[in-house]
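First the structure, then my questions, so here it is.
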There are 2 protein chains.
Amino acid sequence: MPQDIYDKIMMIAKRRGFIYPSFEIYGGIAGFYDYGPLGSQLKNNVENLWRKFYLLKDNCIEISTPTITLYEVLKASGHVEEFTDLTVDCNQCKRSYKVEDIIKKGISIEQAVKEDKIICPTCGASLHDAHPVNLMFTTTIGVGEGRKAFLRPETAQGIFTNFHLLYQYSRKKLPFGVVQVGKGYRNEISPRQGTLRQREFSMAEAEVFFDPQDKTHPYFDIIKDKELFLFDNEKDWIISVADAVKKKIINNQALAYYMYLTQEFLLSAGVDPKKFRFRKHAADELAHYATECWDAELNSERFGWVECVGIADRSAYDLNAHIIASNVDMYALRSFDEPREVSVTKLVPKMNILGPRFSGKAGKIKEQLEQMDAATVKKITVTIDGESIDIPKDCYDIVEMKEKQSGEKFVPHVIEPSYGIDRILYFILEHNYVEAKKKDEEYTILKLNPWVAPIKVGVFPLIGDDALVRIAKEIDRTLRNAGIATYYDEGGTIGRRYARMDEIGTPFCITVDHDSLTDQKVTIRDRDTTKQERKKIQDISTYIKGKISF
Amino acid sequence: MPQDIYDKIMMIAKRRGFIYPSFEIYGGIAGFYDYGPLGSQLKNNVENLWRKFYLLKDNCIEISTPTITLYEVLKASGHVEEFTDLTVDCNQCKRSYKVEDIIKKGISIEQAVKEDKIICPTCGASLHDAHPVNLMFTTTIGVGEGRKAFLRPETAQGIFTNFHLLYQYSRKKLPFGVVQVGKGYRNEISPRQGTLRQREFSMAEAEVFFDPQDKTHPYFDIIKDKELFLFDNEKDWIISVADAVKKKIINNQALAYYMYLTQEFLLSAGVDPKKFRFRKHAADELAHYATECWDAELNSERFGWVECVGIADRSAYDLNAHIIASNVDMYALRSFDEPREVSVTKLVPKMNILGPRFSGKAGKIKEQLEQMDAATVKKITVTIDGESIDIPKDCYDIVEMKEKQSGEKFVPHVIEPSYGIDRILYFILEHNYVEAKKKDEEYTILKLNPWVAPIKVGVFPLIGDDALVRIAKEIDRTLRNAGIATYYDEGGTIGRRYARMDEIGTPFCITVDHDSLTDQKVTIRDRDTTKQERKKIQDISTYIKGKISF
């Protein structure tokens, strides 16, 4: 069977140390992969490049929160109810399937379920009783009954639940962005598509908080004339960022800004611009929290167009949900130009009733009542010293009154660019994989961008001569101490060694030869042009740094 | 109640954005912490410094494997049986405790259990039935019964289970080291000690594979005259690395080399050398896999000496365990200088019996039998096309014979430096926390090493004048584009702004004043000396880079 590009890449990936199937010595399990020595460095480099875009270019802040997440958080965020896949089980072969994966093309899920058209792809049985299955991994914190928890399905909730602290860190100014880079989990029913659908994956997410009345971005002007590659589900467009916003193709500046930042990041990381586009979600595709979403899609020879980044307008959905569930003040404040008289609904405790009824606790109850938002109050329960107390309606009045205010509270909106790092890593490999022939011998080159290449320089003595080896090893060590990842190799012909480095995407190779002993120079060979230059040994480190720094 | 240093640091940590208790808006839970914007950068910087030591100085390779780990892996490694804490439950107040945490000082666990001396610290009840409780978080992969899995208690197993692939990557040469930086999990019974005992924590581990006949290290000579700070449970020693090995205080070069590397790393990261020591584990302290272990301990004003790094000789324990459990060849090969005649025990399949009995499968059975290690064979079961088949003893002979061999297989030994990143981060804060007074006003300085400081430069316009603000913002953006983390601040007096930067450990502050408009220079102030220098704007980036690069 002829191998397709995915097979070829996974074969090189395993042989050379980019990606290994996890737990292989125990038979493995779908949806888990290890990054080997080269894959792990590629991943570090891509994540660090991402940080340069978000932390330095865009001035976001980064936080890091646990992967284990309390039930309460994901109940409030809607994931307990909504983070599901419609699933069918086969009674005959005892397997379960995601309905979407096994229905015929051109037929909708609803239709398949209604018309009883789901067939087991393994044994051919007719499958019924499609039901939603939650995709979060569950665990328990503590012994005995403990506390119910999940492995996070996204890093975003760790940011939302800290909004009040991060707003304070940002000195109460909007917009500000908060990123998180780390693991996410999704207990897929029966993952296919290899490394593109993992049960444990690496994400990089930014949650950028905006005043809903002002979704402009401070750096918008810098990029407004740049072009975006869009696809409206029918045809491709190339349109400037400013025009896309003006024509309401993209709803606001903020969304458009982060789409452009995403495009620039992906192309810098080495994605092929001809295999890149943004596609807008149709209304029935949107996640439960999103009002608008654009996917950055990358094209694979095997898999077609695949979502790698989602850029969503989550509006006030999540913060609202946590404010309601936790009763914590996570509002932002919008200052008025001058104080305004506004009519407010206030909750006024009646101490003449609270006092006799709750005696010592009345004061604390009064304090809590006064902090509540009268507009959202239905049934009131307060917690005093760990005791839960219902407060009947006769204990307070709800009063409409005029008040001078210098500003007003509101729930910020969120623009979220969410990156699937593992998918991006796969596409960097696929888009940069080149097959070539030299003297009838087939070989492959990974044309990785020097910024992300796992090894920056191969260092070779021309032959195994002691003097050459000593100099080569010295250069190797000097480069490493300067922070440059090297690969020292003295085995086989120089051609063989170049080929080994080409195959793993190393952009430069340095060869120490006999002339080096007298002229203190070495040959530097460029992977893509195959041109060779002679450079002074003492200048190499600076020269290479200039080539590999973003 | 007067605050001690831990309280003070945790207060600053929360107020300024280093560390937040996790899930606080839902009441929180012990053993989980978030890193805020500053904590997260401090963590990135410390982990990257660590990578410089292990990947560049020491030439290890890095891999990245899932946190969710199959049952089979941790069953084989001994964690299912051994990764436990002796626990008691209180029937009255329904809490559980780790026995070690609640017994009186000076009494051993064995004694306390035997003499019935365990008292509930909450209600005073007498507690019985101490029993081991496994500390791994459990989860299930897939729907229905799925497959049992744990959250990894250490990153090390992800390295051991890939040994054969990593050995191939390293071109079958020992020693070579493999590191992993990532999350580990420990479902503590009832964690105390705040951030020092977390249920989800960050680790950096190196597993360095050695030939057990040769535990020398290639870079040992470079560091052999350096001094180690040791504590033998009675007194402190300062002794050279070479002497410690010669006098057998430390058992081998490899262990001593990684102890020194650890010491150098911790001191570079900003640990106080006067609050640092290595302590050797007593025999009854050793983990189930270790033959020798030294802890790098750091001293805290509140907690005393605390283990932050463990450097263990794990011998062949883990690889052996996985070879036995998985039946996969994870041996290394030691070449002889010239071929040797050795006597070997071979398993010889009898085809005359296998043939008739297993017909079509006999060939595959023969192949499997020939690959088995005759020395360890007891009862043989092979798996052919998914079917498990017992092979009775009459189907093969075990034969002693002479054979010419060019080398021999062996199981490598492992030296493991294992770092608890969160503890190190806490100690960097505690050891660099300085209280001072200026004009009767108390303030604090974090004297963080510029290499690890989360913000490298504060950038201020002297006053809110448009011209100064424009230049300051330009400098800020230039520095960020050069990869330098900055904090732009135009609020309050310069003194106030310096104080804010001192409190979070920012080593440099740049002030743009009116002279800057004409002389194109700015003032750079050093946190520790408080000295101010004037520098050309165009030179700042290079100047700062020189100060903050390791």
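The values are calculated or read from the model by the stated rules, or taken from the named source; none is laboratory data. The structure presented is a predicted model; accordingly, all values stated were derived computationally and were not measured. Backbone-built Cβ (ideal geometry, glycine too); neighbour counts: all protein chains shown. We work out accessible area using only protein heavy atoms, side chains counted, and drop any ligands, DNA or RNA first. Shrake-Rupley method; radii C 1.70, N 1.55, O 1.52, S 1.80 Å.
For segment B:136-164, give me the residue count where each residue is modelled with pLDDT of 95 or more and crowded, with 20+ Cβ neighbours inside 10 Å.
19
Let's see how each residue does on (1) in contact with a helix residue (DSSP H, G or I) (Cβ under 6 Å, 6 or more places away or on another chain); (2) without any contact (Cβ under 8 Å) to a residue 60 or more places away in the chain; (3) farther than 30 Å from B:Ala312 by Cα; (4) surrounded by fewer than 21 Cβ atoms within 10 Å (Cβ to Cβ):
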position	(1), (2), (3), (4)
B:Gly464	no, yes, yes, yes
B:Leu468	no, yes, yes, yes
B:Gly495	no, yes, yes, yes
B:Met501	no, yes, yes, no
B:Gly505	no, no, yes, no
B:His514	no, yes, yes, yes
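Is there a residue in segment A:174-195 that is modelled with pLDDT under 95 and touching a helix residue (DSSP H, G or I) at 6+ places or on another chain (Cβ under 6 Å)?
Yes, that holds for at least one residue.
Could you list, in sequence order, the residues of segment A:479-505 that are polar (S, T, N, Q) and either more than 11 Å from chain B (Cβ to nearest Cβ) or under 30 Å from the mean Cα position of the chain (by Cα) (or both)? Even if it seems obvious, please write down each step before you answer.
Step one: of segment A:479-505, the residues polar (S, T, N, Q) are A:481, A:486, A:493.
A:Thr486, A:Thr493 - these are the residues of segment A:479-505 that are polar (S, T, N, Q) and either more than 11 Å from chain B (Cβ to nearest Cβ) or under 30 Å from the mean Cα position of the chain (by Cα) (or both).
Given the criterion open to solvent by 10 Å² or more (accessible area, probe 1.4 Å), on the phi > 0 side of the Ramachandran plot and modelled with pLDDT of 85 or more, identify the matching residue among B:Gly386, B:Gly355, B:Gly304, B:Gly363.
Numbers: B:Gly386 fails: modelled with pLDDT of 85 or more; B:Gly355 fails: on the phi > 0 side of the Ramachandran plot; B:Gly363 fails: on the phi > 0 side of the Ramachandran plot.
After applying the criteria, what remains is B:Gly304.
Between B:Glu264, B:Glu205, which is within 14 Å of chain A (Cβ to nearest Cβ), among the acidic types (Asp, Glu), more than 30 Å from B:Phe336 (Cβ to Cβ) and part of a strand (DSSP E or B)? Write out each step before concluding.
Numbers: B:Glu264 fails: part of a strand (DSSP E or B).
So the residue among B:Glu264, B:Glu205 that is within 14 Å of chain A (Cβ to nearest Cβ), among the acidic types (Asp, Glu), more than 30 Å from B:Phe336 (Cβ to Cβ) and part of a strand (DSSP E or B) is B:Glu205.
Right, another one. Just give me the residues in segment B:488-514 being of a type in the set (S, T, N, Q), farther than 24 Å from A:Cys60 by Cβ and touching a strand residue (DSSP E or B) at 6+ places or on another chain (Cβ under 6 Å), in sequence order.
Matches in segment B:488-514: B:Thr511 only.
State all residues of segment A:123-166 that are in a strand (DSSP E or B), of a type outside the set (D, E, K, R) and either in contact with a His (Cβ under 6 Å, 6 or more places away or on another chain) or at the interface with another protein chain (Cβ under 10 Å from one of its Cβ atoms) (or both); if no residue qualifies, say none.
A:Val133, A:Asn134, A:Thr138, A:Thr139, A:Thr140, A:Ile141, A:Ala149, A:Phe150, A:Leu151
Does A:Ala30 meet the test of being outside any helix (DSSP H, G or I) and more than 7 Å from chain B (Cβ to nearest Cβ)?
Criteria met by A:Ala30.
Among B:Asp440, B:Asp476, which is the only one that is of a type in the set (Asp, Glu), farther than 30 Å from B:Phe176 by Cβ and surrounded by 21 or more Cβ atoms within 10 Å (Cβ to Cβ)?
B:Asp476
Related question: Check every one of the strands (runs of 3 or more DSSP E) wholly within segment B:480-532 and list those with 2 or more residues that are in contact with a Gly (Cβ under 9 Å, 6 or more places away or on another chain) and under 14 Å from B:Leu462 (Cα atoms). Before the answer, list the steps.
On the way: elements: B:486-488, B:508-512, B:521-526.
Ranges flagged: B:508-512.
Okay, moving on. Looking for whichever is in contact (Cβ under 8 Å) with a residue 24 or more places away in the chain and hydrophobic (A, V, I, L, M, F, W, C) here; the options are A:Ile524, A:Ile537. Which one fits?
So the residue among A:Ile524, A:Ile537 that is in contact (Cβ under 8 Å) with a residue 24 or more places away in the chain and hydrophobic (A, V, I, L, M, F, W, C) is A:Ile537.
Report, by residue number, each residue of segment B:69-84 that is within 12 Å of chain A (Cβ to nearest Cβ), surrounded by 21 or more Cβ atoms within 10 Å (Cβ to Cβ) and either part of a helix (DSSP H, G or I) or at pLDDT below 95 (or both).
Applying the first criterion (within 12 Å of chain A (Cβ to nearest Cβ)) to segment B:69-84 yields B:69-77, B:84.
Imposing the further condition that a residue be surrounded by 21 or more Cβ atoms within 10 Å (Cβ to Cβ) reduces the set to B:69-70, B:72-74, B:76-77.
Once the filter is applied, which keeps residues that are within 12 Å of chain A (Cβ to nearest Cβ), surrounded by 21 or more Cβ atoms within 10 Å (Cβ to Cβ) and either part of a helix (DSSP H, G or I) or at pLDDT below 95 (or both), segment B:69-84 yields B:Glu72, B:Val73, B:Leu74, B:Ala76.
Can you tell me how many residues within segment A:220-256 are assigned to a helix (DSSP H, G or I) and either open to solvent by 10 Å² or more (accessible area, probe 1.4 Å) or on the phi > 0 side of the Ramachandran plot (or both)?
Kept after step one, since they are assigned to a helix (DSSP H, G or I), are these residues of segment A:220-256: A:220-223, A:241-246, A:253-256.
Filter again for either open to solvent by 10 Å² or more (accessible area, probe 1.4 Å) or on the phi > 0 side of the Ramachandran plot (or both), leaving A:220-223, A:242-243, A:245-246, A:253.
Number satisfying all stated conditions: 9.
Something else: For segment A:208-215, state whether one or more residues are within 25 Å of A:Trp305 (Cα to Cα) and either surrounded by fewer than 22 Cβ atoms within 10 Å (Cβ to Cβ) or in contact with a Leu (Cβ under 9 Å, 6 or more places away or on another chain) (or both). Spell out how you get there, then give the answer.
First pass over segment A:208-215, keeping only residues within 25 Å of A:Trp305 (Cα to Cα): none.
No, there is no match, as no residue in segment A:208-215 is within 25 Å of A:Trp305 (Cα to Cα) and either surrounded by fewer than 22 Cβ atoms within 10 Å (Cβ to Cβ) or in contact with a Leu (Cβ under 9 Å, 6 or more places away or on another chain) (or both).
Please note which strands (runs of 3 or more DSSP E) are completely contained in segment B:397-478 and include at least 1 residues that are under 17 Å from B:Ile494 (Cα atoms). Steps first, please.
Working: elements: B:413-420, B:433-438, B:441-446, B:457-461.
It comes to B:433-438, B:441-446, B:457-461.
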